[in-house]
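Data block below; observations after.
The values are calculated or read from the model by the stated rules, or taken from the named source; none is laboratory data. Keep in mind that this is a model prediction, so the values were computed, not measured. Virtual Cβ from ideal backbone geometry, glycine too; neighbours counted across all protein chains shown. The protein model used for the area step is the full one, side chains on, heavy atoms only, and it has no ligands, DNA or RNA in it. Shrake-Rupley method; radii C 1.70, N 1.55, O 1.52, S 1.80 Å.
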Amino acid sequence: HMGVEQPSVTSMVKKLAKRDFVHYEPYKGVVLTDTGIPVALEIIRHHRLIERYLTERLEYDWAEVHDEADRLEHHISNQFADRIAEQLGNPAVDPHGDPIPTADLDVSPPQSGETLADQQVGDKVRIERVPDNDPDLLRYLSEHGITPTTVVEIV
Ligand SMILES: [Zn+2]
């Protein structure tokens, strides 16, 4: 999916485990450690603030900000992220509806977690979030006026 070979993933996971960011058991999986969780939240904060800044201030389309944020998220300081947050009025969510961790790395609890497929015909639902990594889907949704907070009726 990410265009990375399996041995590269294994090698990186081992490096992260050596630095105590993840707990890794071969053939079982990878879990963030207490050291890794705040580092991951920091990167998520950077990513989502960058996405918000790009759409709100630099007039990027929401379909193109994910890849840009992926490139930038590791290269900005926490101070820079805090400045972005301040400039934007400390937004709670990114353009796709994903919660932005606060500077203290608190993250709002998951929203309803329901999908459109969980709904019944005739239900009216408010869109909370959309996947951020499929530009074609995002373009389709904006062409149909569907963004987070839009209320739609299932037909
Ligand atoms: Zn993203």
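Listed values, structure above:
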item	result
Residue among ILE100, ILE43, ILE76 with the largest mean-square fluctuation in a Gaussian network model of the chain, springs linking Cα atoms under 10 Å	ILE76
Compactness relative to 2.2 N^0.38 Å, alpha carbon Rg of the chain	1.18
Distance (nanometres) between label positions extended 7 Å along Cα→Cβ at SER77 and ASP61	3.5
Residues ALA92 and THR33, FRET efficiency given R0 of 30 Å [Cβ-Cβ distance, rounded to 0.05]	0.65
Percent carbon-and-sulfur accessible area, the chain, ignoring ligands, DNA and RNA, probe 1.4 Å	52
Accessible area (Å², 1.4 Å probe, nearest 10) - GLU114	110
Residue with peak Gaussian network fluctuation, the chain [Cα springs, cutoff 10 Å], from HIS47, HIS144, HIS74	HIS144
Heavy-atom surface of the chain, accessible at 1.4 Å and reported per residue (Å²)	69
Reach of LYS18 by Cα under 17 Å, taken over aspartates and glutamates that are not fewer than 8 positions away in the same chain	ASP34
Estimated [θ] at 222 nm from DSSP helical runs (n ≥ 4, -39500 (n - 2.57)) normalised by residues in the chain, nearest 500	-12500 deg cm²/dmol
